[in-house]
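The values are calculated or read from the model by the stated rules, or taken from the named source; none is laboratory data. Please read all numbers here as calculations on a predicted model, not as lab measurements. Cβ placement follows ideal geometry from the backbone for every residue including glycine, while neighbour counts extend to all protein chains displayed. SASA here: full protein model, heavy atoms, side chains in, ligands and nucleic acids out. Shrake-Rupley method; radii C 1.70, N 1.55, O 1.52, S 1.80 Å.
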Amino acid sequence: MQSSYIANIISGGLIALVNISVAVSVAALLFAQTDQRLMVPGIAILLIGTLVTGLGGTRFSGYKAVV
Amino acid sequence: MIPAFAVIVSSIYVSFGSEYSIGAEATIIVAIMATTTFAGLFLLLLGRLKLGNLMRYIPYPVTGGFFAGIGYIFIQGGLTVASGRDADLGSIADPQFIQLVTPAVVLALCLIIGKVSRDNRLSVPGILLLSVLLYYGVLAIAGISRDEAAANGLLPVTDTAGTLGPIFHFEYLQEVKWLAIWEQLGGIVVVALLCSIMLLLDVSGIELIAKKDLNPDHELEVMGYTNVVNGMLGGFPGVHDASDTALADRLGGKDRLMVIVNAILVAAAILAGTEFMELVPTFLLGGLLIYVGLEFLIDWLWKAREELPLSDYVVVILILIVIIFSDILQGVTFGFFVAIILFVVNYSQLSVIKIETNGSDHASNVDRDLETRELLNKEGHRVLIMVLQGFIFFGTADKLISAIRNRIMEVEYSKFDFLVLDFHHVSQLDTSAIVTFSKLAQLSDRVGFHIIISSADQKSIKQLVKHDFFTFGEQRLERHYKEQLDTAVDRFERRILRDLNLNAEEQNLELHDVLGRIAHEEADVKLLSDFFVIEKRRTSEYLFNEGDRGESLYFVGSGTVVVVLKVQDQAERILRKYKAGAILGEMAIYTGENRTASVRIEDDAVLFRLDKDKLEEMSRRFPASTAALHTYIVKVLSERLGRANRNLSRYI
């Protein structure tokens, strides 16, 4: 039970690091190549997408550990 | 999806003269919001229309190829994250690339070895934590500062500072160039389509990860509503991600808590900025991605080679190759087509002919007198019966006509004059099959055989009528349709009897004629006839009903009598027909059981009834003459049993 709790926290943290890293990379590819000033809103747009999709999925999907 | 968005973003930027302005930024953000909202509404529509079950048509090897492709993308992503540059084949020659990715690859291998040797939920996080401590320990001992490490690519640089929001201000609205967004409608629709395809593929993959069935229509609706909200908040369109879900699953994240932790950290990054990412060593994320990628490849390339049939395994490999040289959607699409082709090839190996038999072994359900039946058995080879099955299409239709041609070419004694094609087990015909049936009509005209199609559905019949199957040529040979196989065979049995100048069913037999076939001595005929009662029955009358006591047997002198099965709330079903000379009701006389079915008069009939007590009296008084009757009944039953056995053997 305890290991399951810790494993969920650690995996959630690692997934977040991967997601943020991917968001930064994609923003660089998608927005910063067009204009460097679009980088910050670009990262935010990607992270909001990740956040809302994750929360919507875990709240309403048939599988609660969906990201 | 990223290339589609790149086109939208760059096109809008070009419409502003390729120069940054508040209007350009506002228009790009609103275009993304519109795209996300539209994608959400599209997913919602698909879910409401119950189109999610299209996912069930995704073949298993395609899902396997999809996962193998994800494995490759993870490895490539891991190498890119670890090296800070695009990883391709040319990178291998770059010493700096090798230097940067080596720790990540070593970490990935340690994770795999660690999981193999000590598989528990904390083995992966434990190794990761240990590696971070080791990493910062080495930096401290070597005296390398954080800036130096970042400059050498050992730590990431995010190029952002402070909060990332808010991304949109209401005053931006007046700056938005709506026409520029409208012009991107094509791209917006493409993104919505890609979202739906990716979601269905991902749901298919998540089912394997979760080891449970999901309702794809529900998942479409969930992601539909989510993206509508997402669009309103200015988020990028997103759907369930099988790769991230698999990554979390392999790290031990199997509950909602994992998603909540992920959400808290992502929200923190939006509010506080992503600078903290600069503390996470590049090899850590890189190694993690490589590890998961390797696990996918081990599962779907290494282990699957023994678990999947060769053809399915080849599909997995082909999808992976296309993904490596193109992208994941193209790989999956290609794999889907290969899987369809393999299915067509495999399905066409199945014989379209379920059972092949002839008129001797599969007689009609019309009982005639014993001599006529034996005659029909002898002539039965003239009726070729083929019970067809499955979907008759371009892959199988030609095999059917080839089989018929082969029968035509066979030795003379087995030459058939009548062909019955039963469609009871046929699901559908495609256009190629219809054309093949037109060829069959030509063949029948040229070679000279009659054809009856039986048990076909209305759609197939309409197609055959449309292509003149029944009306082709000079009509000197029959090409008909009958509702049941038995009626089709009966039609040809009557043709055979007509060819032999026997019109058995139109006979009006006297009791003397019937008994003359049983007892050859005139004196015996006279003795037996005294025990029979002549009954004249009208059409629609019931001779007896199911469950009645079996007190009599009957010989049919003329007319038609049918055995029927009464099923509640359904029309009566005719099981057998009896014509002049046939015997019925004899089973109950011998077994003493009640009637097992009802018997109705189909056409006005004359019957010769022999009651059970009369039969017993006949046995006592004239045992020798009665023995002839018993012998006759045994012959009738033996003939029926023999035919039933021969027919049954075709189905085994």
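Here the Karplus relation 6.51 cos²θ - 1.76 cosθ + 1.60, evaluated at θ = phi - 60°, turns the backbone of region B:582-587 into coupling constants of 7, 10, 9, x, 6, 4 Hz, with x for every Gly and Pro. Backbone phi angles across region B:91-100, fed through the Karplus curve with coefficients 6.51, -1.76 and 1.60 (θ = phi - 60°), yield HN-Hα couplings of 5, 4, 7, 8, x, 5, 4, 4, 4, 6 Hz in residue order; Gly and Pro are listed as x. Using a Cα-Cα cut-off of under 15 Å, which aspartates and glutamates could be cross-linked to B:Lys212, ignoring same-chain neighbours fewer than 8 residues away? B:Lys212 reaches B:Asp202, B:Asp249, B:Asp255.
Surface composition of region B:1-104: carbon plus sulfur atoms hold 67% of the accessible area, using a 1.4 angstrom probe and ignoring ligands, DNA and RNA. With Cα atoms defining each centre, region B:134-174 and region B:203-260 are spaced 29 Å apart in the structure. Just to confirm the number: angle between the C-alpha axis of helix A:2-27 and the first principal axis of chain A, 0 to 90 degrees, nearest 10? With both axes taken from Cα atoms, the answer is about 10 degrees. The string of couplings for region B:633-644 from the Karplus curve (6.51, -1.76, 1.60, θ = phi - 60°) is 5, 4, 4, 4, 5, 5, 4, 4, 5, x, 5, 4 Hz, one whole number per residue in order, with x for Gly and Pro. Label-to-label distance for B:Glu483 and B:Lys612 is 3.5 nm, based on points extended 7 Å past Cα in the beta-carbon direction. Spread over its residues, the convex hull of the C-alpha atoms of region B:456-592 is 158 Å³ per residue. Separation of region B:37-72 and region B:419-444, taken as the distance between their Cα centroids, equals 37 angstrom. Against the main long axis of the alpha-carbon atoms of chain B, helix B:282-297 sits at an angle near 10°. With 15 Å as the cut-off, how large is the P(r) tail for region B:371-461, expressed as percent of Cα-Cα pairs? Everything past 15 Å amounts to 62 percent. For the set B:Lys462/B:Lys577; B:Lys526/B:Lys635; B:Lys536/B:Lys612; B:Lys466/B:Lys577; A:Lys64/B:Lys211; B:Lys378/B:Lys635, the pairs lying more than 24 angstrom apart at their alpha carbons are B:Lys462/B:Lys577; B:Lys466/B:Lys577. Scaled against the 2.2 N^0.38 Å expected of a compact globular protein of N residues, the Cα radius of gyration of region B:278-378 reads 2.24.
Relative to the current alpha-carbon distance between B:Asp213 and B:Arg538, full extension at 0.36 nm per residue lengthens the span by 110.9 nm. Taking the 1.4 Å solvent-accessible surface of region A:2-60 as the whole, the part contributed by carbon and sulfur is 66%. The alpha-carbon of B:Lys482 sits under 16 angstrom from the alpha-carbons of these aspartates and glutamates, leaving out residues fewer than 8 places away in its chain: B:Asp422, B:Asp457, B:Asp490, B:Glu493. Near the amide H of B:Lys354, within less than 5 Å, lie the amide hydrogens of B:Val387, B:Leu388, B:Gln389, all on another chain or at least 5 residues away, with H placed in the peptide plane.
The length gained on full extension between B:Ile574 and B:Asn346, counted as 0.36 nm times the residue separation minus their Cα-Cα distance, comes to 78.2 nm. Distances between placed amide hydrogens fall under 5 Å for B:Ile452 paired with B:Leu419, B:Val420, B:Leu421, B:His480, all partners being 5 or more residues away or on another chain.
Taking amide H positions as modeled 1.01 Å from N, with prolines and chain starts lacking one, the residues under 5 Å from B:Asp548 and 5 or more places away or on another chain are B:Arg595.
Computed in the context of the full set of protein chains, the accessible area of region B:334-444 at 1.4 Å probe radius has 60% of its extent on carbon or sulfur. The Stokes-Einstein estimate for region A:2-60, based on a Kirkwood radius over Cα pairs and taken at 20 °C with 1.002 mPa s viscosity, is a diffusion coefficient of 170 µm²/s.
Taking packing as the residue-averaged number of other Cβ atoms within 10 angstrom, the listed peptides B:427-435, B:318-326, B:465-473 run from highest to lowest as B:318-326, B:427-435, B:465-473. The alpha carbon radius of gyration of region B:131-207, expressed as a multiple of 2.2 N^0.38 Å, is 1.99. When B:Asp569, B:Asp445, B:Asp548 are compared by accessible area at a 1.4 angstrom probe, the order from most to least is B:Asp569, B:Asp548, B:Asp445. Given q = 0.21 Å⁻¹, what are the Debye log10 I(q)/I(0) values for region B:255-328, with equal point scatterers placed on the Cα positions and solvent ignored? Normalising to I(0) and taking log10 leaves -0.97. The aspartates and glutamates whose alpha-carbon is closer than 12 Å to the alpha-carbon of B:Lys303, local same-chain residues fewer than 8 away aside, are B:Glu295. Normalised per residue, the accessible area of the protein assembly as shown is 47 Å², obtained with a 1.4 Å probe and no contribution from ligands, DNA or RNA. As an exercise, take the mean of 1/r over every pair of distinct alpha carbons in the protein assembly as shown, invert it, and state the Kirkwood radius in angstroms. It is 32.3 Å. Ligands, DNA and RNA aside, B:Phe532 has an accessible area near 20 Å² when probed at 1.4 Å.
With q set to 0.07, 0.11 Å⁻¹, the log10 of I(q)/I(0) for chain B, from the Debye formula over equal scatterers at the Cα positions, is -0.71, -1.11. Relative contact order of chain B, taken over Cα pairs closer than 8 Å and 6 or more residues apart, is 14 percent. Available extension along the chain between B:Glu510 and B:Ala272 is 74.9 nm, counting 0.36 nm per residue and deducting the alpha carbon span. Here is the link list: B:Lys579/B:Lys614; B:Lys354/B:Lys399; B:Lys399/B:Lys439. Which ones come out longer than 18 Å on Cα distance? Beyond 18 Å: B:Lys579/B:Lys614. Return the percentage of antiparallel bridges among DSSP beta bridges fully within the protein assembly as shown, rounded to the nearest 5 %. Expressed as a percentage, antiparallel bridges in the protein assembly as shown total about 60. Our summary of shape: the Cα atoms of region B:6-85 have principal axis extents of 49, 45, 15 Å, ordered from largest down, in whole angstrom. The angle separating the long axis of helix B:328-349 from the principal Cα axis of greatest extent in chain B is about 20 degrees.
A Förster distance of 51 Å, applied to the separation of the beta-carbon atoms of B:Asp603 and B:Phe394, puts the FRET efficiency at 0.65.
I'd like the FRET efficiency for B:Val106 and B:Ile197, computed as 1/(1 + (r/R0)^6) with the beta carbon distance as r and R0 of 56 Å, rounded to 0.05. The value I calculate is 0.90. Leaving ligands and nucleic acids aside, the A/B contact buries around 5500 square angstrom of accessible area in total at a 1.4 Å probe radius.
The Cα trace of region B:119-273 gives Rg and Dmax of 20.9, 60 Å, the first to one decimal, the second as a whole number.
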